Amino acid sequence: MTLSASAPLALVPLLVVAGLLVGLLWSASRAMPVAWLAAAAVAFLAWDMPVEWILAASANGAMAAIEILWIVFGALVLLYTLMNSGAVDRINAGFASISDDRRVQVVLLGFFLATFIEGVAGFGTPAAVVAPLLLALGFPAFAAVVAALVGHAVATVFGAVGTPIIVGFEQPLAAVSDAIVGGGFESVGAYSASAGAWAAVFNGLLGTLMPLFAVGMVVYFFGATDDEDRSLEPVWEVAPLCLFAGVAFAVPYVAAAWLVGPELPSLIAAMVGGAVVVLTLNAGYLLPEEEWTFPPREEWPDHWVGSIEPGSDAGEGALDAETVAGGDAASTGDEGGAVAGEPSVSLLRAWSPYLALVVLLIGTRVIDPIASFLQNGPGMTIAVDGILGTGIDGAIGWAYVPGTWLLVSALLAVPIFRMRSGDVTDAWREAAGKIVSPAISLVFVIAMVEVMLQTAAHPGATVDGSMIVVLADATASTFGAAYPFFAPMVGTLGAFIAGSITVSNVTFAAFQFEIAQELGLSTQLLVGAQTIGASIGNVIAIHNVIAALATVGLVGKTGHVIRLNLIPVAYYLTAGGALTTAFVYVVFPTVF
């Protein structure tokens, strides 16, 4: 079978995903097993892929999913441990106490707190945590959801301590390791980190305007109850603050990606940038002269609010509604209140587990003997060579991945906050409950992608190229030299469908690499551009929107939120496409 004739068949698994998730609104945990089955059927019937190779590829995907779930579990254990200790409440209160101006609160909580939580936990957590906190401050539920979704987008590139790069790039790109090594890289991991650094440049430049967009969305759509009275004038009053916040985030974001690696950019950028902005505001700079707030509560339209009334008690159940982690339902969280025997937690103490995490991650990545031992030492990796007698190898590097150090940080938090054993047990139980549904989704989506990547690896393959290669060839032929402008849109499609930048990267990173090879363009830049669309796609991802709406008691407004959020999506994709084209053809044409 020729490449052109096999292209429609290679597209079948992705069409199944789109049809079930978007068309029929199935949950990812229901849709992904069916999509995997479709990929397996196409591989068997059209590529003559033996059953043992299909199962081996699927097993390799399952092992990669376990690494992701280990990270997610550690992230959620740490988050819920701090919620039960009262540390999250203290962090939120520290931000909220700086100014009563709603625009400033969007910058501090909707942007900096949301990006920080994304850097730590990811997988739908930021909007589900921050939206109820904004609601508790008196935001309309609709406005709280929009601010939280738009605010955290740029941080998703390195969310959950770098999972979208560590796993989202490395797993699919392992299939093209020969080309990567031939390009001068010692390993797929080194290449992924480099492509991730370029992703930081793209998103750092684009993301400088995201605080302004978040504030603009809230002010314009929720500053007046009558369409004729809407105005952007209050936005310009805080434009200097928004731009300063964007730059304060972007500089450490890009620096960390190039100097440290993919684990810490979002985390460091939120902490450093947030601290710089808070210190600036406390010094009296960039604060608006007049306080801006929403119209009187009695004038709000019904669609602005849900079943939870805005106000001081509204945020008590942050994460108490069903939320989504990785695109699927997750159950409630018990904030537990304060540290046993103490009415409050100091800000430094509240942040200390996260500071410990930063130190641990930098130490295990930068200190070569430690990094080498964790990756190559005895018992540090669970490896399976030649799964089911095939040429497919799998491994789980449990010691090196961030999940281990997230759990260490969570354990350190117990004595720091002198927590009760019941609160600690609840945190671990909640975290375990949250990953059940995402586990099903991740195992099957990565298994599906692995099957698509390995379809031409077995002896006797009837098509000269895997499903991903076939799709890349067809796309390159269709768009030709104009493709770099459209590259980010591919990432958006993946995130919109699956509700996860990690899943989007796993699905399309190798696709972007192959297209770059077909067109003779920089592979790093096109793989990095994949994250432009995948990151902004999170603000319109159906499951993420539903999750955030559920936490503020505003069910049934998914379409309304997606329609509003298409505004920042349009900016991000248009500017991102132009930036990618300029980088590929003009600024950095010689980058591999």
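The values are calculated or read from the model by the stated rules, or taken from the named source; none is laboratory data. Because the structure is predicted, anything quoted here is derived from the model rather than measured. A quick note on method: Cβ atoms are made from the backbone with ideal geometry, for glycine too, and the neighbour counts reach across all protein chains shown. For accessibility, only protein heavy atoms count, side chains too; no ligands or nucleic acids. Shrake-Rupley method; radii C 1.70, N 1.55, O 1.52, S 1.80 Å.
Listing for the model above:
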item	result
Condition check for Ala75: under 15 Å from Phe444 (Cβ atoms), open to solvent by less than 10 Å² (accessible area, probe 1.4 Å), part of a helix (DSSP H, G or I) and aliphatic (A, V, I, L, M)	no
Test: Ala148 is farther than 30 Å from Leu453 by Cα, in a helix (DSSP H, G or I) and within 21 Å of the chain's Cα centre (by Cα)	yes
Test: residue in the stretch 149-167 that is without any contact (Cβ under 8 Å) to a residue 40 or more places away in the chain and either surrounded by 21 or more Cβ atoms within 10 Å (Cβ to Cβ) or closer than 22 Å to Ala128 by Cα (or both)	no
Per-region count, the stretch 83-131, residues under 20 Å from Ala534 (Cβ atoms) and of a type in the set (Ser, Thr, Tyr)	2
Odd one out for Met448, checked against (1) assigned to a helix (DSSP H, G or I); (2) over 26 Å from Ala174 (Cα atoms)	(2)
Tally of residues being open to solvent by less than 20 Å² (accessible area, probe 1.4 Å) and not small (Gly, Ala, Ser) across the stretch 241-251	3
Evaluation of Ala399 against (1) open to solvent by 50 Å² or more (accessible area, probe 1.4 Å); (2) part of a loop (DSSP other than H, G, I, E, B) (one fails), failing number	(1)
Failed criterion for Glu322 (all others in (1) at pLDDT 50 or above; (2) open to solvent by 70 Å² or more (accessible area, probe 1.4 Å) hold)	(1)
Of all residues making up the stretch 368-392, the number that are surrounded by fewer than 19 Cβ atoms within 10 Å (Cβ to Cβ) and more than 27 Å from the chain's Cα centre (by Cα)	16
Pair list, Cβ under 6 Å, 6 or more apart: the stretch 91-104 residue free of Cβ contacts under 8 Å to residues at least 60 places away in the same chain, other residue open to solvent by 20 Å² or more (accessible area, probe 1.4 Å) and not aromatic (Phe, Trp, Tyr)	Ala96/Leu137
Criterion (within 28 Å of Val552 (Cα to Cα), part of a loop (DSSP other than H, G, I, E, B) and among the small types (Gly, Ala, Ser)) met by exactly one of Gly306, Gly284, Gly274	Gly306
Hits in the stretch 38-68 (condition: open to solvent by 30 Å² or more (accessible area, probe 1.4 Å), in a helix (DSSP H, G or I) and farther than 16 Å from Ala383 by Cβ)	Ala41, Phe44, Leu45, Val51, Glu52, Trp53, Leu55
Within the stretch 84-112, tally of residues that are farther than 23 Å from Leu407 by Cβ and out of contact with any helix residue (DSSP H, G or I) (no Cβ under 6 Å at 6 or more places or on another chain)	9
Options Ala131, Ala143: the member that is over 25 Å from Ala200 (Cβ atoms), in a helix (DSSP H, G or I), open to solvent by less than 10 Å² (accessible area, probe 1.4 Å) and modelled with pLDDT of 95 or more	Ala143
Qualifying helices (runs of 4 or more DSSP H) (wholly inside the stretch 476-558; at least 3 residues being closer than 21 Å to Ser187 by Cα and open to solvent by 10 Å² or more (accessible area, probe 1.4 Å))	501-519
Members of the stretch 160-184 that are at pLDDT below 90 and under 10 Å from Ser266 (Cβ atoms)	Ala160, Val161
In the stretch 19-28, the residues that are open to solvent by less than 30 Å² (accessible area, probe 1.4 Å) and either over 23 Å from the mean Cα position of the chain (by Cα) or in contact (Cβ under 8 Å) with a residue 40 or more places away in the chain (or both)	Leu21, Ala28
Test result for Val12, under 30 Å from Val463 (Cβ atoms), without any contact (Cβ under 8 Å) to a residue 24 or more places away in the chain and open to solvent by 20 Å² or more (accessible area, probe 1.4 Å)	no
Any hit, the stretch 12-19, residues being within 27 Å of Ala432 (Cα to Cα) and either part of a helix (DSSP H, G or I) or not polar (S, T, N, Q) (or both)	yes
Residue within the stretch 250-259 that is of a type outside the set (Ser, Thr, Tyr) and outside any helix (DSSP H, G or I) present	no
Residue list for the stretch 445-466, restricted to those being surrounded by fewer than 24 Cβ atoms within 10 Å (Cβ to Cβ) and at negative phi	Ala456, Ala457, His458, Pro459, Ala461, Thr462, Val463, Asp464
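This table checks each residue for (1) in a helix (DSSP H, G or I); (2) closer than 27 Å to Glu170 by Cα; (3) without any contact (Cβ under 8 Å) to a residue 40 or more places away in the chain.
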| position | (1), (2), (3) |
| --- | --- |
| Ala371 | yes, yes, yes |
| Leu374 | yes, yes, yes |
| Ser409 | yes, yes, no |
| Val424 | yes, no, no |
| Arg429 | yes, no, yes |
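Quick grid of which residues meet (1) among the hydrophobic types (A, V, I, L, M, F, W, C); (2) touching a strand residue (DSSP E or B) at 6+ places or on another chain (Cβ under 9 Å):
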position	(1), (2)
Gly61	no, yes
Ile68	yes, no
Ile71	yes, no
Tyr80	no, no
Asp101	no, no
Gly110	no, no
